[in-house]
Amino acid sequence: MPNEVIAEFKVTRMSILDENGIADVALMPELSHEEIRKMYELMLLARAFDQRALALQREGRLGTYPPIMGQEAAQVGSAMAIKPADWVFPSFRETGVHLSLGYPIAQIFQYWSGDERGQLTPDNLNIFPFCVSVGTHIPHAVGAAMAARYRRDPIAVVAYFGDGATSKGDFHEGFNMAGVFRLPVVFICQNNQWAISIPVKEQTAAASLAQKAVAYGFEGIQVDGNDVFAVYCATRNALEKARGNGGPTFIECLTYRVADHTTADDAGRYRSSEEVAAWRARDPILRLERFMAAQGFWSEDYGREARSRASASMDEAVHEMEGFPPPAAADMFEHACASLSPRQTRQQEGL
Amino acid sequence: MSEMTYRDALNLALKEEMRRDPTVVVWGEDVALYEGSFKVTRGLVAEFGEERVKDTPISENTIVGVTIGAAMGGLRPVAELMTVNFALLAMDQIVNHMSKIRSMFGGQTNLPLVVRMPGGGGSQLAAQHSQSLETFFMHCPGLRLVYPATPADAKGLLKSAIRDNNPVIFLEHELLYNSKGEVPEDPEFLVPIGKSEVKRSGDQVTIVAYARMTVLALQAAEDLAKEGISCEVLDLRSLAPLDDEGIMASIRKTGRAVVVEECWRTCGLGAEISSRIFENCFDILQAPVQRVSGLDVPMPYSREIEKICIPRKETIVQAVKEVMQGKF
């Protein structure tokens, strides 16, 4: 008796905007020029933040910083699809998401300067402090989705992480539970090809990361992560499905970490300059500029002006950040527990 | 008051809190249909439904992880890990997240969650399933840790743990589930976290103990009374935070102390408590503090050899006699 086929699956890749800035009209999401300009300007803002953070780190004014250069489309495109009521669990390399959702820029600088108060999320935002541990926030997002379901709150929960996180137990256990309970959660992986020095082909023998969702009983899709329209569409579709009780989705954004892992890293030691140059040519901002120019709503002047506005926002935010008073040592006990133990109180008083 | 087992007292605490507060949910491996490996969740799914009482896949790290997420999401989840031994798989979520999130998030979120775990040795379950890991959790700031000895405390502490805004690790001793005692029926009966209790009053030596060790200490005190030695048995009930005030008040009364711990001796909670007694009561101590501990070996499978590895009534009696004769 021949073996019976018990499962077949396919994993697709979505792309709308090619490297030359030409969009597939049939797939193009309904976005006004104003909305597309907003995407573009947010991507410029994210890059301006990155460049300023790197400069400040070199001057010793920030601590170790993880740059996002090259990943702006994956971050801005996905964040643009998130609604204010949705909950976001970011990793540590999602500055573009924070900026897109309106997180105060000065506070992001404040955090990287070594002041945890930068993570005090404004009341109107549902962004959880970002998780520096790799992938360990995936179960938290799943738990938050369980709570949302239980409270009959028609929201979706979004968890961001990188390719390295897909090797963690938290990823597999969290995906499994999200699948078993069909939870309203969207997992967004920015596959930037490198987990510090480990390329993705050494991270997994699978042909894609997206297909890992299949084993947990839900949809996985790969998108061109440097194509802001594809990322936006895939995220919007997944969020709508989640809010409509259609269960979880895994979106793998194929992108590239153009800069080092962090300011404490030198990527030149483990990857070729040719590879980096090839990805620089696929720059997500350049691609969108080409599209906008061809559509007649981008010019050199507009581009220059938008960059200058982004840079001015950074000047303002850095100025604001430097005016924040330093944290007091006694504050470290303040939130250690909902109520301190007698010994903690003595230690606090003894400072 | 009514007499019930430690298991039924825990079960009643869960039911009362779930009736009282619709945000209390229970999940873990085999907690719904199977009603828990130790039957502590008996009748819960029948009364509260599958949405509030959920079986989960075998993923201890993520059971704790989703509990954290749900607590941040407005629920008061009570997770069950089948035994404390499996908490080792969840130590990243417990130590790196559960204990720190409130602090790292600047107090923007509470973590009103409980992780229940049966533990302790004496059931001939060998090295990996008989551990007493209480000290692992005590070491980490940001966690509450309770470990009741009696059915009344089991009920009162679990109710307090569920209502507490701190993350609480709730240990239950596997050999105490069938023990019986009087339990208040008042649904507002609570035992405060962080407060010890004198379970037997005496004036010559204090035996500091917790969970099953308290039961053994009471038996030892009974025997010692017949020999004319008056022991006070102080049941810690909470291991984090430790009730320094209660411990020191008892030592100041008796002037001598024996600390009984089921865990391994090295870096055990007995060392911490002894040190606190020396720091606070050295002026009135009449003899060095003695510790009775588990032996520093992986638990043997053999029933007879296992007995030697865990404190017994006889070893406590012996330690009390030594401290009564001890001098500086």
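Exactly which chymotrypsin sites (Phe, Trp or Tyr not before Pro) in region B:218-291 are in a DSSP loop and have at most 13 other Cβ atoms within 10 Å?
B:PHE282
Which of the lysines could a cross-linker span from B:LYS253 if the Cα-Cα distance has to be under 25 Å and same-chain partners fewer than 8 positions apart are dropped?
Qualifying lysines at Cα under 25 Å: B:LYS195, B:LYS199, B:LYS226, B:LYS313, B:LYS321, B:LYS327.
Work out which helices of chain A, taken as complete DSSP H runs, extend at least 20 Å along their axis over the Cα atoms and score a mean Kyte-Doolittle of 0.0 or more, then list them.
A:228-243
I need the chymotrypsin sites (Phe, Trp or Tyr not before Pro) found in region B:1-83, filtered to DSSP loop residues with at most 16 other beta carbons within 10 Å of theirs.
B:TYR34
Between region B:154-199 and region B:213-258, how far is it from one alpha carbon centroid to the other, in angstrom?
Here the two parts' Cα centres lie 19 Å apart.
Cut-off under 18 Å on the C-alpha distance; same-chain residues fewer than 8 positions from B:LYS307 excluded. Which lysines are left, in chain and number order?
The qualifying lysines are none; the list is empty.
Over region B:2-183, calculate the relative contact order: mean separation of alpha carbon pairs under 8 Å at least 6 apart, over the residue count, as a percent.
28
Quantify, in whole percent, the carbon and sulfur part of the accessible surface of the protein assembly as shown (1.4 Å probe; protein heavy atoms only).
Percent of accessible area from carbon and sulfur atoms in the protein assembly as shown: 52.
Decide, for the protein assembly as shown, between rounded, prolate and oblate: order the square roots of the alpha carbon gyration tensor eigenvalues as a ≥ b ≥ c, take rounded if a/c falls under 1.5, and otherwise choose prolate if a/b is larger than b/c, else oblate.
It is prolate, given that a/c is not under 1.5 and a/b is the larger ratio.
Which residue fluctuates the most in chain B, going by a Gaussian network model with Cα springs under 10 Å, if the choices are B:GLY156, B:GLY119, B:GLY228?
B:GLY228
Mind checking the dipole of chain A: about its Cα centre, +1 per Lys or Arg Cβ, -1 per Asp or Glu Cβ, Debye to the nearest 20? Show your work: numbers first, answer last.
Details: 33 positive and 44 negative charges, 137 e Å.
Taking the Cα centre of chain A as origin, the dipole is about 660 debye.
Can you list the residues of region A:155-186 whose accessible area drops by at least 20 Å² going from the chain on its own to the full set of protein chains, with a 1.4 Å probe?
Residues shielded by partner chains are A:ASP170, A:GLU173, A:ASN176, A:MET177, A:PHE181.
I need the chymotrypsin sites (Phe, Trp or Tyr not before Pro) found in region A:223-331, filtered to DSSP loop residues with at most 16 other beta carbons within 10 Å of theirs.
A:TYR270, A:PHE297
At what distance in angstrom do the alpha carbon centres of region A:148-205 and region B:278-321 lie from each other?
47
May I ask what percent, to the nearest 5, of DSSP beta bridges between residues of chain A are antiparallel?
On the way: 3 of 28 bridges.
The antiparallel fraction comes to roughly 10 percent.
Using a simple spin-label model with points 7 Å from Cα along the Cα→Cβ vector, what separation in nm is obtained for B:LYS307 and B:GLU3?
About 2.7 nm, to one decimal.
Could you work out the longest stretch of chain A that avoids the GluC sites (Glu not before Pro) located in DSSP loops with at most 12 other Cβ atoms within 10 Å?
That gives A:60-351 as the longest site-free run.
I'd like the distance separating the alpha-carbon centroids of region A:33-76 and region A:299-324, in whole Å.
If you average the Cα positions of each part, the centres end up 11 Å apart.
Specify the longest stretch of chain B that does not include any exposed loop site, a site being one of the GluC sites (Glu not before Pro) with a non-H, G, I, E, B DSSP assignment and at most 12 other Cβ atoms within 10 Å.
B:52-184
Can you give me the solvent accessible area of A:ASP24 with a 1.4 Å probe, rounded to the nearest 10 Å²?
Spelled out: A:ASP24, probe radius 1.4 Å, area about 70 Å².
The values are calculated or read from the model by the stated rules, or taken from the named source; none is laboratory data. The model shown is predicted, which means the values in this text are computed figures rather than measured ones. Because the Cβ atoms are built from the backbone with ideal geometry, glycine has one as well, and the counts that use them run over all protein chains shown. Accessible surface areas use protein heavy atoms only, side chains included; no ligands, DNA or RNA. Shrake-Rupley method; radii C 1.70, N 1.55, O 1.52, S 1.80 Å.
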